[in-house]
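Input: a single structure, listed below in structure tokens.
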Amino acid sequence: MTIVQTVLVFVGIPAAIVAVIAFAVYGKSILHQPNRYRPGKPWSYEPAWFVPHPDAVVHQTSEHKQLEANTITTTAVGGASGEW
Amino acid sequence: MSGEVKLQRNLVQYGPVGRDVTEHGFTARQLARLDEALTLSSRESGLVFSVYVGELRPPTRAHAEALFEKLTDDSVLVAVAPGQRVLHIVTGPDSAKRLPNRACALAALAMRAAFANGDLVGGIVTGLRMLADSAGRI
């Protein structure tokens, strides 16, 4: 065997096997969960505020107007908090 | 306070498609789940649920309540700060009658459990469903 053949057999084949196993283990999460949140990791994305579809809200017109107006329309009364 | 946060209306409908992560940190599929949970829980309970995901300035409770002041009396705000590992549920004068603090605390507990496992969207969806169930139908 030449040096090239030796290197291919003893380095190339093990490296290929390792690559296949690594992809089988981690590939799915890399492809499908690019942004998987993990506790303790910083959240570097823009703040976002999601509101329901206007059709689902009963009195949508006044609510929409108030949201756009950006003024104080109500006060907080209750609720709950938590940390993890 | 914090008028810089844009409201994401119909984001799923007009937003990006595919598996790409948007600038909000969610995939299109996750956004669809969020939108479905928000719309269904709002329609079933008659309360206006909204979800804020992002940084909350300390004191975080005061920031969440300041955000809530832009909403209506029958709104419920679920504010989640993944970076600070803090969540707040805020109710208003009308929504507090339907959702006592104990019901909110129970939903917050379930959300904490999901968030601690790294399931951000699942926790929000679970919390919204529990809040809507507690509030009951119109």
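The values are calculated or read from the model by the stated rules, or taken from the named source; none is laboratory data. Just so it is clear, the structure is predicted and the values come from calculations on it, not from any experiment. Neighbour counts are summed over all protein chains in view; Cβ atoms, including those assigned to glycine, are modelled from backbone coordinates with ideal geometry.
Descriptive notes on the structure:
- Test: residue in segment B:118-134 that is assigned to a loop (DSSP other than H, G, I, E, B), crowded, with 16+ Cβ neighbours inside 10 Å and more than 7 Å from every other protein chain (Cβ to nearest Cβ): yes
- Segment B:76-87, residues that are within 17 Å of B:M130 (Cβ to Cβ) and more than 7 Å from every other protein chain (Cβ to nearest Cβ): B:V76, B:L77, B:V78, B:A79, B:V80
- Top-ranked residue of segment B:61-88 - restricted to ones that are in a strand (DSSP E or B) and not β-branched (V, I, T), ranked as farthest from A:T74 (Cα to Cα): B:A81
- Sole exception among (1) part of a strand (DSSP E or B); (2) over 15 Å from the mean Cα position of the chain (by Cα) for B:V51, by number: (2)
- B:L106 in contact with a Ser or Thr (Cβ under 9 Å, 6 or more places away or on another chain) and in a strand (DSSP E or B): no
Listed here are the residues, each with its yes/no results for (1) within 18 Å of B:R129 (Cβ to Cβ); (2) facing another protein chain (nearest Cβ under 8 Å); (3) modelled with pLDDT of 90 or more; (4) buried (at least 16 other Cβ atoms within 10 Å of the Cβ).
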| position | (1), (2), (3), (4) |
| --- | --- |
| B:Y14 | no, no, no, no |
| B:H24 | no, yes, no, yes |
| B:A32 | yes, no, no, yes |
| B:V51 | yes, yes, yes, yes |
| B:F68 | no, yes, no, yes |
| B:L71 | no, yes, no, yes |
| B:I89 | yes, yes, yes, yes |
| B:R102 | yes, no, yes, no |
